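Values quoted throughout were computed directly from the atomic coordinates according to the rules given, and no laboratory measurement underlies them. All values reported here derive from a predicted model rather than from experimental measurement. Using ideal geometry, Cβ is built from the backbone for each residue, glycine included, and neighbour counts are taken over all protein chains shown.
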């Protein structure tokens, strides 16, 4: 996950982290655990965050799937 990009998008949105946590249906601590990499975002949370932050599909991929590699890409 590209945490710095996500944090930049959150900051530029004008929505507080507490508000985002509430909108996601998780605690503020739960959000911080996900932002710190202790927990992963669920697919439903990624979808909701994408809507809240008005992320493009490219931004969503860059933020949430930065470390994903297609193991079949070179076959």
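Details
- Label-to-label distance, residue 61 versus residue 18, with points set 7 angstrom from Cα along the beta-carbon direction: 3.7 nm.
- Helical mean residue ellipticity (222 nm; -39500 (n - 2.57) per DSSP H run of 4+; nearest 500) of the chain: -17000 deg cm²/dmol
- Correct choice for P(r) over Cα pairs in 10 Å bins from 0, in percent that was computed from the model, options (i) 18, 55, 20, 6, 1; (ii) 19, 49, 22, 7, 2, 0; (iii) 17, 45, 24, 10, 2, 1, 0: (i)
- Segment residue 5-residue 27, length gained on full extension (0.36 nm per residue, minus Cα span): 5.8 nm
- Sorting 27, 56 by the number of Cβ atoms found within 10 Å of their own Cβ, with the fewest placed first, yields 56, 27.
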